[in-house]
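Just dropping this structure here.
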Amino acid sequence: PIHPGLAMIADVGLTHALDLTRRIGWPSDIHLIEDHWMRVVESTRPASPYSLYQVRIDLRVNLFATATGSICLSQMDMAHVRALYDDPTPALQYRPDRYNMSWQNVVDHLDKVRRQGYGERIQNFRGEITPNDKLFVIALPLRKNGRLCGAISLLWPKVLMQPDAFAALYLDDLAETVTRINAPLDA
């Protein structure tokens, strides 16, 4: 269950995410950062004209492998990221070693995310819904009262285009949506 203080992010976020999906067609998911994973709290996949795998609300996904997780990690102090990386307590599905990620792999991926300005999945992540969802994803962070709390993503089929080409077309739309979501959360 979502902490009541964070439920507002899902409510406010969904309104603006739906506007984004109506405008550009591609669906988005809203994830909140929670412990050692990201939790899906809303999705516009049912509202999209494109038939993509549907996501289960409340699904936990890997913090280190996902686009939403990578953008959140890129916003954190690296000492905190290292503590999350080294923590052996989460189940294997939430740890970076599920994907054989060395610490250097994490550092390199987060450097790339910072340079490009959006999160994306690590190369060998294939999704949590099916064994291989064949989707690319980009993501931007969400903040409540200036504090990192989650991320919003855009999804599309890999056969369509690479992340950099998709970001060139839609990153500004996603950033505008983030601004619209964050504004009432900061009020």
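The values are calculated or read from the model by the stated rules, or taken from the named source; none is laboratory data. Computed from a predicted model, the values in this text were never measured in an experiment. Glycine gets a Cβ as well: all are built from the backbone with ideal geometry, and neighbour counts include every protein chain shown. Ligands, DNA and RNA are excluded from the accessible area calculation, which covers all protein heavy atoms including side chains. Shrake-Rupley method; radii C 1.70, N 1.55, O 1.52, S 1.80 Å.
Here are some residues: T44, T15. Which one is among the β-branched types (V, I, T), open to solvent by 30 Å² or more (accessible area, probe 1.4 Å) and within 19 Å of D173 (Cα to Cα)?
Answer to the check: T15.
Based on what the data block shows, is A10 open to solvent by less than 10 Å² (accessible area, probe 1.4 Å), among the small types (G, A, S) and over 27 Å from V159 (Cβ atoms)? Even if it seems obvious, please write down each step before you answer.
Values: open to solvent by less than 10 Å² (accessible area, probe 1.4 Å): yes; among the small types (G, A, S): yes; over 27 Å from V159 (Cβ atoms): yes.
The answer is yes for A10.
Right, next: If a residue has to be farther than 19 Å from L52 by Cβ, in contact (Cβ under 8 Å) with a residue 12 or more places away in the chain and assigned to a strand (DSSP E or B) to count, how many in segment 145-175 make the cut?
3
Run P49 past the list (1) open to solvent by 50 Å² or more (accessible area, probe 1.4 Å); (2) over 22 Å from D133 (Cα atoms) and report the number of the one that doesn't hold.
The number of the failed condition is (2).
Matching residues to (1) modelled with pLDDT under 90; (2) within 17 Å of Y118 (Cα to Cα); (3) touching a Ser or Thr at 6+ places or on another chain (Cβ under 6 Å):
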{"residue": "H3", "(1), (2), (3)": "yes, no, no"}
{"residue": "M38", "(1), (2), (3)": "no, yes, yes"}
{"residue": "M76", "(1), (2), (3)": "no, yes, no"}
{"residue": "V81", "(1), (2), (3)": "no, no, no"}
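Select from segment 84-127 the residues that are open to solvent by less than 60 Å² (accessible area, probe 1.4 Å) and assigned to a helix (DSSP H, G or I) and list them in ascending order. Explain how you work it out, then say what you get.
Quick first cut of segment 84-127, residues open to solvent by less than 60 Å² (accessible area, probe 1.4 Å) only: 84-85, 87, 90-91, 94-96, 99, 101-103, 106-107, 109-110, 113, 116-122, 125, 127.
L84, Y85, Y94, P96, Y99, W103, V106, V107, H109, L110, V113, Q116 - these are the residues of segment 84-127 that are open to solvent by less than 60 Å² (accessible area, probe 1.4 Å) and assigned to a helix (DSSP H, G or I).
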